[in-house]
1. For CYS166, what charge total do you get from the other residues with a beta carbon under 12 Å from its beta carbon, if Lys and Arg give +1 and Asp and Glu give -1?
2. Write down the Å³ per residue value for the convex hull defined by the alpha carbon atoms of the chain.
3. Cα to Cα, under 23 Å, and not fewer than 8 places away if on the same chain: which lysines meet these conditions relative to LYS211?
4. Which one, SER329, SER283, SER275, has the greatest fluctuation when you compute a Gaussian network model over the chain with C-alpha springs under 10 angstrom?
5. Tell me the angle of helix 200-213 to the major Cα principal axis of the chain, expressed in degrees between 0 and 90 and rounded to the nearest ten.
6. Amide H neighbours of LYS340 under 5 Å, at least 5 residues apart or on other chains, H built in the peptide plane: list them.
7. Antiparallel versus total DSSP beta bridges in the range 68-299: what percent is that, nearest 5?
8. Please build a GNM for the chain, connecting alpha carbons under 10 Å apart, and tell me which residue among GLU221, GLU308, GLU192 fluctuates the most.
Amino acid sequence: MNLEELDKHYVLQTYGRNYTNFTHGKSSTLYDENGKDYIDFASGIGVNSVGHGNEKLVNAICAQASKIIHISNLQVIEPQVKLAQKISELYGQDVAIFFANSGAEANEGAIKLARKYGEVKFDSKKYKIITLENSFHGRTLATVKATGQDSFHPTCFAPYIEGFICTASVQEAIDAIDDETVAVMLELVQGEGGVEAFSKNEIQYLSSTLKEKNVLLIVDEVQTGIYRTGEFLASQVYGIKPDIITLAKGLGGGVPIGAVVTPHKDIFTAGDHGSTFGGNYLSTSAGLAVLGILEDLYKSNKLAETIEYFNAKLEKIASKYPQYFEKSSGIGLMRGLRAKDSETQGKIIKSCMNEGVIVLKAGRNTVRFLPSLTITNSEIDEGFIRLEKALESL
Ligand SMILES: *Cc1c(COP(=O)(O)O)cnc(C)c1O
């Protein structure tokens with residue numbers, strides 16, 4: 001059997017897979033088994049924040065792997081403590097962190113933290129979490145229910161976890177608050193839902209209203225976090241200080257890691273939550289290396305320059321091909337081009353792959369761009385040349 005046949009025989013078919021077999025990568029260029037190269041405008045799904053084969057990250061992983069990969073959370077773990085300190089410093093807030101292994105798991109931790117807050121801080125228990133339409137929070141039974149898209153809730157997986165109230169706008173979310181509401185949970189830029197950013201005004205209004213009403217604000221920064229929108233956290237771009245922030249995708253540069261970040265340090269006590277793998281030596285050493293690389297990139301202004309360079313090219317494409325694209329969206333290096341329908345979206349993504357540039361889908365009809373933050377100008381140039389070829393050949 002060839003690789004595709006083996007995959008179909010031995011791997012549960014939960015993904016609509018492409019069968020290009022990539023063997024290695026360098027920076028934002030990937031190579032398949034036939035030696036063909038591809039410009040990577042996807043970085044996994046916003047995971048390879050420092051590109052492929054990044055020497056500092058690879059060295060950090062190898063050095064740590066040869067010392068200790070894992071012991072357990074019953075023992076203090078030095079790189080875990082240092083990564084927590086680093087996240088707190090880069091955010092500039094006095095927060096503490098719980099480490100998990102994925103975005104969904106980080107959000108599970110956030111939901112548990114909010115529910116316990118709702119138990120211990122009020123006379124009568126608050127537990128409801130208000131969510132937003134078109135959001136995405138993960139695939140576990142709780143986080144998939146928190147996800148504000150009905151297509152994720154087929155009856156075959158019922159019963160789902162209760163206590164999530166989906167609303168269509170920030171104002172509706174505020175209006176839906178009642179005596180049992182403990183939190184509002186949202187993404188500042190909805191990723192999977194179609195790369196749609198909320199406005200700064202409405203988010204600041206939401207944040208101050210929730211503070212007045214003593215309702216927590218949970219911001220899912222699994223996709224927007226780790227410099228994706230130009231600052232360390234999108235919360236900094238929006239000028240808010242949420243009660244809980246979750247991180248994952250870009251944090252480990254490809255090594256699985258998730259994080260729950262909160263100033264509410266006294267809610268969880270020993271035994272409330274845990275993870276076998278979460279925050280182990282390997283993943284937190286990778287996280288430290290990633291944040292070191294990205295902090296330098298940010299401080300040297302190179303990240304801002306890359307964002308400007310990339311987005312100038314993206315806007316040019318958006319205005320040059322109005323027959324395909326309705327508008328551009330997103331912030332920083334989390335960008336979308338909304339195709340006029342889902343058929344066009346599918347054709348563009350496929351044509352891009354043929355021309356050697358990898359882009360993603362989002363929502364019903366958006367072509368999504370999540371390049372690594374270390375992508376070079378010449379890779380950006382080449383990627384957009386290929387994207388144009390892909391559009392010309394439609
Ligand atoms: C990807 C994503 C998740 C889920 O992360 P997993 O690591 O796949 O569990 C949750 N929230 C947002 C905003 C995401 O983009």
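Every number in this text was worked out from the coordinates using simple rules, so none of it is lab data. If you're wondering where the values come from, they're calculated on a predicted model, not measured in any experiment. Here the Cβ positions follow ideal geometry from the backbone for every residue, glycine too, while neighbour counts run over all protein chains shown.
1. My count for the surroundings of CYS166 gives -1.
2. For the chain, the hull spanned by Cα atoms encloses 154 Å³ per residue.
3. Cα-Cα hits under 23 Å: LYS112, LYS116, LYS121, LYS125, LYS126, LYS128, LYS200, LYS241, LYS265.
4. Per the Cα network of the chain with a 10 Å cutoff, SER275 tops the list.
5. 20 degrees
6. Placed amide hydrogens put GLU326 under 5 Å from LYS340.
7. Of all bridge pairs located within the range 68-299, approximately 40 percent are antiparallel.
8. The residue with the greatest mean-square fluctuation here is GLU308.
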